[in-house]
Amino acid sequence: MIRNTLRIAILAASVCAFAPLAQAQMKVGIIDMNRVFTEFYKTKDAEQKLNEQRAAAKKEFDERVESLKTRMEEINKINAEIEKPELSDDAKEAKLKDREEKVNEARNLDREVNEFKGTRERQLQEQFVRMRKDIIDDIMKIVNKQVSDSGYDLVLDKSGLSIGQIPVVVYSREDMDFSNKIIEVLNADAPKVKPTTAE
């Protein structure tokens with residue numbers, strides 16, 4: 001029993017002695033993926049395109065809503081005219097027929113407005129997901145190359161959060177973070193912004 005206990009103690013001491021050596025050989029890198037994604041010029045371009053398309057969709061949506069409002073105002077006007085006691089039966093019948101047409105138009109417009117809103121929101125969301133995937137693929141190509149070139153054994157994303165909303169990386173030395181290097185490589189082929197000349 002004593003002999004077995006002694007063997008376990010020797011084995012534990014050996015493991016403890018070699019643990020620092022194993023840790024010293026492991027190369028760990030840190031990256032802020034959120035910052036890399038945000039500062040990548042393609043992300044900014046994609047956001048600008050999406051914002052322009054959202055603005056165009058909103059303009060079209062507002063125009064359709066305005067058309068619907070116009071139809072509703074026309075219906076209210078006809079309703080007021082129908083209530084006039086001096087209106088003849090023939091004129092009243094014509095107004096009722098006109099109102100029915102306007103009501104049908106308003107219903108169709110209301111359906112179109114709702115369908116347009118749902119369809120455009122879905123299209124923009126799908127486009128956003130596709131753009132995001134393409135951008136992340138571009139980022140990961142550069143990250144993976146840097147990992148391979150630098151011989152990292154482990155790379156952690158310091159912008160990541162655990163299920164409990166606690167940072168995955170609680171602390172890391174600044175010299176372990178290679179985010180700047182990745183951002184520099186990603187933006188190396190960014191289009192040059194032409195300086196604006198005052199007239």
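With a 1.4 Å probe rolled over the protein heavy atoms of all chains, the accessible area of 38, 43, 119 falls in the order 38, 119, 43, largest first. Taking GluC sites (Glu not before Pro) across the stretch 55-153, the ones in a DSSP loop with at most 14 further Cβ atoms lying within 10 angstrom of their Cβ are 83, 86. How much of the accessible area of the stretch 42-199, in percent, comes from carbon and sulfur atoms when a 1.4 Å probe is used? Carbon and sulfur atoms account for 51 percent of the accessible area of the stretch 42-199.
Projected label points at residue 129 and residue 81, each 7 Å from Cα along the beta carbon direction, are separated by 4.9 nanometres.
Within the full protein context, the accessible area of residue 61 is estimated at about 60 Å² for a probe radius of 1.4 Å.
For the stretch 62-199, the solvent-accessible area works out to 77 Å² per residue, with a probe of 1.4 Å and every protein chain left in place.
The values are calculated or read from the model by the stated rules, or taken from the named source; none is laboratory data. Computed from a prediction, not measured in an experiment: that's the story for all the values here. Heads up, the Cβs are rebuilt from the backbone with ideal geometry, glycines too, and the neighbour counts pull from every protein chain shown. In case anyone asks, the SASA skips ligands and DNA or RNA and just uses the protein heavy atoms, side chains included. Shrake-Rupley method; radii C 1.70, N 1.55, O 1.52, S 1.80 Å.
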